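J.: Below is a structure I'd like to ask you about.
The values are calculated or read from the model by the stated rules, or taken from the named source; none is laboratory data. Everything quoted here is computed from the prediction, not taken from an experiment. Cβ sites come from the backbone with ideal geometry, for glycine too, and all protein chains shown count toward neighbours. Each accessible area value is taken on the protein alone, full model and side chains, heavy atoms only, with ligands, DNA and RNA left out. Shrake-Rupley method; radii C 1.70, N 1.55, O 1.52, S 1.80 Å.
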Amino acid sequence: MSEIAVVMAARSVWRPVLMSLVAPALLIVLWQAIVATHLVAPYILPSPATVLARFQNELDGGTFWGDVAASLSRALGGFALGAPAGLAFGLLLGLSRLAGRLFGPIFLAYRQIALFAWVPLLSLWFGGGEAGKLAFIAISAFAPATVNTWRAAATIPAPYRELSRALIFGRLDHLRLIALPSALPGILTGLRSALIHAWLATVGAELFLDIAPGLGGRLNEGRDKFEVDLMIVALTALAVLGLGFSQLAAAAERRSIRWSRR
Amino acid sequence: MTELSRNRSDAVAALEIDRVGKLFDVAGRRVEALRDISFSVRPGEFVAIVGASGCGKSTLLRLILGLDTDYQGEIRLDGRRVEKPALDRGIVFQDHRLLPWLTAEGNVAAALRRSGLPRRERRRLVAEHLKLVGLENFAGAWPAQLSGGMSQRVAIARALVNRPRFLLLDEPLGALDALTRLRLQDELARIVRQEGTTALLVTHDVDEAVFLADRIIVLQPDPGRIARIVEVDLDGYRDRSAPAFLRLRDEILDTLGVRHAPQQAIATAA
């Protein structure tokens, strides 16, 4: 009996993880099956084993970790520039009705411009080097941080606003005790979204601006040299790192709202 | 209003509601929420306002609190027109409205932000009022960890911590289960007596009004206006099943258009 209970408990913990691995496993099986038919040339679709060997090769003698570090620091650098600015701007728009009326519409108009449409202008202004890349990542992180903070700060529940008036709070007390904590979940959602956008924009910057160390640069290299195995390694690394990013951000989000835990 | 009558009412009444009316715009239609409400409250008095939902009783409390100044007539505290909320009026809402990101202690302390008292004095007052509502051992608890009754006790402590002249109670026990409500009614009677504050309770629970109030203002809806004002001549602790209690309760229910025949039978039998 107890053995069964232990197995059941273990199963309940590992089950979601195992289930999430089913689809990738199926994908690899399908991939291997296609390779085995020899209908597709190996230089178009190399076998899973070839890609794995390439990955090993990159780890052993290549620049893989250097590329990962370059991409990560670029993403975090752009995030550090764009997200706080978005946070501040979102608070201004959400908390001041005047600011919302003055600057809200132009921000909404700005949102209609696809992010990649900024690349030519930014590369003229900041160059295609590190500064241009950081500028692009920063404006990518800026928008989601602004939108979510704005919405959260503008929709403080009426009962709390009423309480704030009944306790005759001044501006600072209202901000500290009512507005910011009430908007905190939305702000954190915005920061998480900004982090993910920064990561997506990092690859865009690396692909479309000057070649530099980084995973996007490796993708370009793979295309130029026709090395599909390298491209698959880089794409997989992007997915895994991005997943790690959003998991970490979600955990940080849960931790910082400790009052909602029972 | 002449100087003379104003001075005279100063001496007697702490709160005067003088021919107050209130209109709302609901979907482009004018709705009269309150019409010609006049009564006054003496210092230390406990007044209950009862009525069916929609009779404007909560609206009236919001006006007294000063959250809304767009109304006809005048509401005066010590002879001065109410312009905005102030610390001389503490309020308990039906939803406890504790800030979930502050502890019980933090929520009570929040009401002292504008008191101008030194930190040490504030801490003493917070501890004293948590003790008053019997929650001295839950100072560090988050609202999410407290039951509905406990949360409402914290809200009562928060409303009283500034030692307000008026305690405004907007259906404070309406969201609680029946047993907790009875227990908190006892508590409320004790607390108000102990603090010596003037209390104004809005409720739709007639028993609650008879149990707690010195005077009951019965409102009728459409538009909200005073149906009658009832003095409660019951001394000391009020036995909820005493004949006099039940008689008064049924009288008020009658005014509200609710018949209570079975209770009447018990009352006459006893």
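J.: Report the local net charge at residue A:168: Lys and Arg +1, Asp and Glu -1, summed over other residues whose C-beta lies under 11 Å from its C-beta.
T.: Charge balance in the 11 Å sphere: +3.
J.: Test of understanding: in a Gaussian network model of chain A with alpha carbons linked when under 10 Å, which of A:62, A:77, A:104 would top the mean-square fluctuation ranking?
T.: A:62
J.: Check each of the chymotrypsin sites (Phe, Trp or Tyr not before Pro) in segment A:178-262 and keep only those in coil by DSSP with at most 14 other C-beta atoms within 10 angstrom; list them in order.
T.: A:226
J.: Rounded to the nearest 500, what is the 222 nm mean residue ellipticity of chain A from helices alone, with -39500 (n - 2.57) per DSSP H run of 4+ residues and division by all residues?
T.: Here the helix-only value at 222 nm equals -27500 deg cm²/dmol.
J.: For B:51-64, what's the mean count of beta carbons from other chains sitting within 10 Å of each residue's beta carbon?
T.: Averaged over the peptide's residues, the number is 0.
J.: So what is the calculated 222 nm ellipticity per residue for chain B, using -39500 (n - 2.57) for each DSSP H run with n of 4 or more, over all residues, to the nearest 500 deg cm²/dmol?
T.: Estimated from H runs of four or more residues: -11000 deg cm²/dmol.
J.: Would you mind computing, in nm to one decimal, how far apart the modelled labels at residue B:234 and residue A:85 are, each placed 7 Å from Cα along Cα→Cβ?
T.: Taking the simple label geometry, residue B:234 and residue A:85 are separated by 6.8 nm.
J.: Roughly what % of DSSP beta bridges within segment B:118-250 run antiparallel, to the nearest 5?
T.: 55 percent
J.: Once label points are set 7 Å from the Cα along Cα→Cβ at both residue B:131 and residue A:126, what is their separation, rounded to one decimal in nm?
T.: 6.0 nm
J.: Next up: Accessible area per residue of the protein assembly as shown at 1.4 Å probe, in Å²?
T.: Value returned for the protein assembly as shown: 52 Å² of accessible area per residue.
J.: Stretched out fully, how many nm does the piece from residue B:40 to residue B:163 gain, at 0.36 nm a residue minus the Cα gap?
T.: Gain in length upon complete extension: 42.2 nm.
J.: Which value, in Å² rounded to 10, gives the accessible area of residue A:38 with a 1.4 Å probe and all protein chains present?
T.: Residue A:38 exposes around 150 Å² with every protein chain in place.
J.: Run through the DSSP bridge list for the protein assembly as shown and note the antiparallel percent, rounded to the nearest 5.
T.: Rounded to the nearest five, the antiparallel share is 55 percent.
J.: On to the next question. Give me the lysines in straight-line cross-link reach of residue B:84: C-alpha distance below 27 Å, same-chain residues under 8 apart excluded.
T.: Answer for residue B:84, where 27 Å is the Cα cut-off: B:22, B:57, listed by chain and number.
J.: Based on the Cβ-Cβ distance of residue A:227 and residue A:102, what FRET efficiency does E = 1/(1 + (r/R0)^6) give at R0 = 45 Å, to the nearest 0.05?
T.: Efficiency, rounded to the nearest 0.05: 0.30.
J.: Another question, then. If you take the square roots of the eigenvalues of the alpha-carbon gyration tensor of the protein assembly as shown and sort them as a ≥ b ≥ c, do you get rounded (a/c under 1.5), prolate (a/b over b/c) or oblate?
T.: prolate
J.: For B:235, B:177, B:250, give me the order by solvent-accessible area with a 1.4 Å probe, most accessible first, ignoring ligands, DNA and RNA.
T.: Per-residue accessible area, sorted high to low, gives B:235, B:177, B:250.
J.: Using the Karplus curve 6.51 cos²θ - 1.76 cosθ + 1.60 with θ = phi - 60°, work out ³J(HN,Hα) for each residue of segment A:232-239 in order, rounded to whole Hz, and write x for Gly and Pro.
T.: 5, 4, 5, 4, 4, 4, 4, 5
J.: List every residue whose amide H lies under 5 Å from the amide H of residue B:256, counting only residues 5 or more places away in sequence or on a different chain, with H placed 1.01 Å from N in the peptide plane.
T.: none
J.: Who wins for biggest fluctuation among A:237, A:252, A:70 in a Gaussian network model of chain A, springs between alpha carbons below 10 Å?
T.: In this elastic network of chain A, the residue with the biggest mean-square fluctuation among A:237, A:252, A:70 is A:252.
J.: Hey, what do the phi angles of segment A:75-86 turn into as Karplus ³J(HN,Hα) couplings, whole Hz, using 6.51/-1.76/1.60 and θ = phi - 60°, x for Gly and Pro?
T.: For segment A:75-86, the Karplus-derived couplings read 4, 5, x, x, 4, 5, 7, x, 5, x, 4, x Hz, x marking Gly and Pro.
J.: Follow-up. Rounded to the nearest 0.05, what FRET efficiency is calculated for residue B:19 and residue A:73 with R0 set to 56 Å and r the Cβ-Cβ distance? All intermediate terms of the calculation are to be shown ahead of the outcome.
T.: On the way: r = 71 Å, r/R0 = 1.27.
Efficiency, rounded to the nearest 0.05: 0.20.
J.: Accessible area of the protein assembly as shown with a 1.4 Å probe: how many percent of it is carbon plus sulfur?
T.: Its accessible area is 61 percent carbon and sulfur atoms.
J.: How far apart, in nm, are two points set 7 Å out from the Cα along the Cα-to-Cβ line at residue B:194 and at residue A:248?
T.: Modelled inter-label distance: 5.2 nm.
J.: Just give the residues from segment B:91-133 buried by at least 40 square angstrom of accessible area in the all-chains context relative to the isolated chain, probe 1.4 Å, and say none if nothing qualifies.
T.: When all protein chains are present, B:97, B:99, B:100, B:101, B:113, B:114 each give up 40 Å² or more of accessible surface.
J.: For a quick check of your reading of the filter: which chymotrypsin sites (Phe, Trp or Tyr not before Pro) in segment A:42-137 sit in a DSSP loop and have no more than 15 other Cβ atoms within 10 Å? List each step's numbers first, then the result.
T.: Numbers: sites: A:43, A:55, A:64, A:65, A:79, A:89, A:103, A:107, A:110, A:116, A:118, A:125, A:126, A:136; in loops: A:43.
Answer in residue order: A:43.
J.: Still on this structure, please answer the following. Just to verify a number: FRET efficiency for residue B:124 and residue B:259, C-beta to C-beta distance, R0 = 51 Å, to 0.05?
T.: In this case the efficiency is close to 0.50.
J.: Next question. Work through the residues other than residue A:93 whose Cβ is under 13 Å from its Cβ and net out their charges, Lys, Arg +1 and Asp, Glu -1.
T.: So the surrounding residues net to +4.
J.: List the residues, sorted by chain then number, that are 5 or more residues from residue B:173 or on another chain and whose placed amide H is less than 5 Å from its amide H.
T.: Correct list: empty.
J.: For chain A, rounded, prolate or oblate, judged on the Cα gyration tensor with a ≥ b ≥ c (square roots of eigenvalues), a/c < 1.5 rounded, else prolate if a/b > b/c?
T.: oblate
J.: Oh, and also: Which residues of segment B:134-163 show a drop of at least 40 Å² in accessible area when all protein chains are present, compared with their chain alone (probe radius 1.4 Å, heavy atoms only, ligands and nucleic acids excluded)?
T.: B:142, B:144
J.: Output wanted: per-residue J couplings in Hz (rounded whole) for segment B:100-112, from phi through Karplus 6.51 cos²θ - 1.76 cosθ + 1.60, θ = phi - 60°, x for Gly and Pro.
T.: Coupling constants for segment B:100-112: x, 8, 10, 5, 3, 4, x, 5, 5, 5, 4, 5, 9 Hz.
J.: Return the single residue from A:80, A:250, A:143 with maximal mean-square fluctuation; model: Gaussian network over chain A, springs between Cα atoms under 10 Å.
T.: Of A:80, A:250, A:143, the most mobile in the Gaussian network model is A:250.
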